[in-house]
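The values are calculated or read from the model by the stated rules, or taken from the named source; none is laboratory data. Just so we're clear, the structure is a prediction, and the values are computed from it rather than from any experiment. Neighbour counts run over all protein chains shown; Cβ positions are idealised from the backbone, glycine included. Quick note on the areas: whole protein, heavy atoms, side chains included, nothing else; ligands and nucleic acids left out. Shrake-Rupley method; radii C 1.70, N 1.55, O 1.52, S 1.80 Å.
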Amino acid sequence: MPAAATVDAAAPRRPLDDLLLYRMSRLLSVAGSMVIRLCEGRFGITRREWRLIAVLASRGELSSSQLAEHAQLDRARTSKAVGSLVAKQLISRVAKAGDRRQVQLGLTEAGQSLYDALFPLVTKINGDLMKALDADDAARFDASLNLLQAKAERMVQEAVLPKADRGRRGASSSSPSSSRSP
């Protein structure tokens, strides 16, 4: 077992506010809470369900795995949210002709109506937030976000990081080899 890391008392402590991801998370938490309140309070859906509705509205019918990919959610969370949205009659599952195992997901009329009512409200929140920047700053910010997104995607592709053992496999054994995926 490695020795515990020691903290150099003389080293200056860096606040979390110096970290881009922390600051973005705080911004999302504060500004996003308005969207969450709209979704949950007025429309009776979760933010995850809103994300799936918005993806289907912008991309059209998709398979469950395509929807998960576009929404940047794992398949298990997508499946749970899809089940909830089907129960609420906001999306439909339609089996492809010739292969009942392949299902296309799409918005129902009620789902499209919800999107049509909620999207302008979310757009207004985003627009009001962006009013903090003048046109030049907004353009630079947009360009910077595009650069950061591209860099993050490259970093994820190149990263070799361990996955967390969340008790799915090998939970009864503490051996590192027991938690590897096949």
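How many nm separate the modelled label positions at LEU28 and ARG42, each set 7 Å beyond the Cα in the direction of the Cβ?
The two pseudo-label positions are separated by 2.3 nm.
To the nearest 500 deg cm²/dmol, what mean residue ellipticity at 222 nm is calculated for the chain from DSSP H runs of n ≥ 4 alone, each contributing -39,500 (n - 2.57), summed and divided by the residues?
Values: 6 runs with 98 residues, N = 182.
My calculation for the chain gives -18000 deg cm²/dmol from helical runs alone.
Within the accessible area of the chain, what % is carbon and sulfur when the probe is 1.4 Å and the other protein chains stay in place? Kindly include the intermediate steps, with their values, before the conclusion.
Numbers: 7670 of 14230 Å².
Solvent-exposed carbon and sulfur of the chain make up 54 percent of the total.
With springs only between Cα atoms under 10 Å apart, run a GNM on the chain and tell me which of VAL122, VAL156, VAL86 wobbles the most.
Comparing VAL122, VAL156, VAL86 in a Gaussian network model of the chain, the most mobile one is VAL156.
Name the lysines eligible as straight-distance cross-link partners of LYS163: C-alpha to C-alpha under 23 Å, and not fewer than 8 places from it in the same chain.
LYS80, LYS151
For region 15-117, state which trypsin sites (Lys or Arg not before Pro) are in a DSSP loop and have at most 16 other beta carbons lying within 10 Å of their beta carbon.
LYS88
If you compute Cα extents along the principal axes in Å for the structure shown, which of (1) 66, 32, 24; (2) 62, 53, 31; (3) 39, 37, 36 do you land on?
The value matching this structure is (2).
Express the accessible area of region 104-160 per residue in Å², computed with a 1.4 Å probe while the remaining protein chains stay in the model. Could you put the intermediate results ahead of the total?
Numbers: 4120 Å² over 57 residues.
Here the residues of region 104-160 average 72 Å² of exposed surface.
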